[in-house]
1. Taking amide H positions as placed in the peptide plane 1.01 Å from N, state which residues far from LEU351 in sequence (5 or more) or on other chains have amide H under 5 Å from it.
2. Volume per residue, Å³, of the convex hull around the alpha-carbon atoms of segment 308-373?
3. May I ask for the Rg/Rh ratio of segment 215-289, computed from Cα atoms with Rh as the Kirkwood radius, given to two decimals?
4. For PHE264, which sequence-distant residues (separation of 5 or more, or a different chain) have an amide H within less than 5 Å of its own amide H, given hydrogens modelled in the peptide plane?
5. If you stretched the chain out fully between ASP250 and HIS71, how much longer would it get, using 0.36 nm times the residue separation minus the C-alpha to C-alpha distance?
6. Stretched out fully, how many nm does the piece from ASP205 to ASP262 gain, at 0.36 nm a residue minus the Cα gap?
7. So how compact is segment 74-123: Cα radius of gyration and Dmax in angstrom?
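What follows is calculated from the coordinates using simple rules that are stated; it is not laboratory data. If you're wondering where the values come from, they're calculated on a predicted model, not measured in any experiment.
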Amino acid sequence: MDLQFYSPDQKRAQRLSARLRNFATVHWIDRGPSALTDELPPATSSGLVLLDYSLDAAEESSTLARRLIVHAPDLPLVGVGSTGMDRATGVLAALRAGVRDFLDLDATDEELRHLLARVQSQAELARMARTRTIPVRAPGQVVVVLGVRPGVGTSTLVAHLGALAMASGPEPAKSEVGEASSQVLLLDLGRPFGDVALYLGVDGDFHYDDALRSARRIDPILIRTALAHHSSGLALLSQAAEASGTQAVDTEAGMLIDRLRDHFGLLLCDLGGLPVGAAPLPLLRSAGQIWLVADQGIGSLVSLDATLRELERLGLRDGRLSLIINRYGEYEGASATQLADRFKLPLLATLPERTRALRGCTNRGQLLHQVASRDPYVRALRPLLEKMQVGSAGTPALTGWKRLLPHLGGFRWTTR
């Protein structure tokens, strides 16, 4: 077994090598995180990587661990240190940095060898599973719903769309553990934080910031056990109500989005009230569709203009953009068609003013389609459902949505 041991102290590497004689070859690497280039050293492309978690090396090892995780999320990392009471902080530092296993130097030589053999065996099984895996579908579709300002009804809209899309998609696929996995994830990054969870009546302890730190660990089991789920089966990942709102590093956000798309047929993302510049750029770039939500108010139209300018600055004002006019009234000002023409956007849908009915359902802990499936607001969602895809690559857009037609009714609200 070849082991790469990152440590500032060559003597520690020599002592470890002596304890593992006839079992492993320890290669000492005196390299701090500042010297790590964008490409991993050739020696780390296989085998195990050991990180020194002695008192004087723990902080540097944690920094290095995080960078290695970004470069190679499947690379097995093992912390090396003591679990003695006076030095147990190294174990906690390793866990917080994402290191999965810890080599306790207070253990016997045989125990050290047993742990390393187990880690190597697990890594080999994971490599074999990856080589055997045949992709059965393209990455999930990403639909971003971007409210041009707080209060235009974006969170209410995505809560209904997510639950309806989950109900209208194909039967959930079985995961490797035999559990049905969700097809639709609602990623709630809008402001105020946590509004969608309130509308759906769900709560959970695993939030967006946790997912960023655990991106490489996301699998069907974590999705089933850690993520909050609505009664429809819709999975929800939102910001914690007390989150700071600090923008994630693009590499972290990009890795998380990629992993989520591997497990969900559709990522429906709420960015209501979030300035474009504060939105995760990898999310916007990966979106197949970006729906801008506004109303007929002058403040909303000014915000829509500013949003379009910012999207253009980022190189994102393109054919993926569509306009949704919410709380629409025919005699409340410019028509939806006139607004779409004014801002040179395709008009995807207009949603009627139904604030009173929506608020009443929210107060009862229900969504409007659960109470009044033929309500004009619910029926007006049909063109949006038609545009979303749930399921495997090549599947026509929401082939299952036709099952909802008897419930949505035949009347179509004003659309284009």
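1. Correct list: ILE325, ASN326, ARG327, TYR328.
2. Numbers: hull volume 8.7 nm³, N = 66.
Once divided by residue count, the hull of segment 308-373 is 131 Å³.
3. 0.94
4. Distant-sequence amide H within range of PHE264: GLY140.
5. Numbers: separation 179, 0.36 × 179 = 64.44 nm, distance 1.33 nm.
Stretched fully, the ASP250-HIS71 segment lengthens by 63.1 nm.
6. That pair, ASP205 and ASP262, stretches by 18.3 nm at full extension.
7. Using the Cα atoms of segment 74-123, the pair Rg, Dmax is 11.0, 32 Å.
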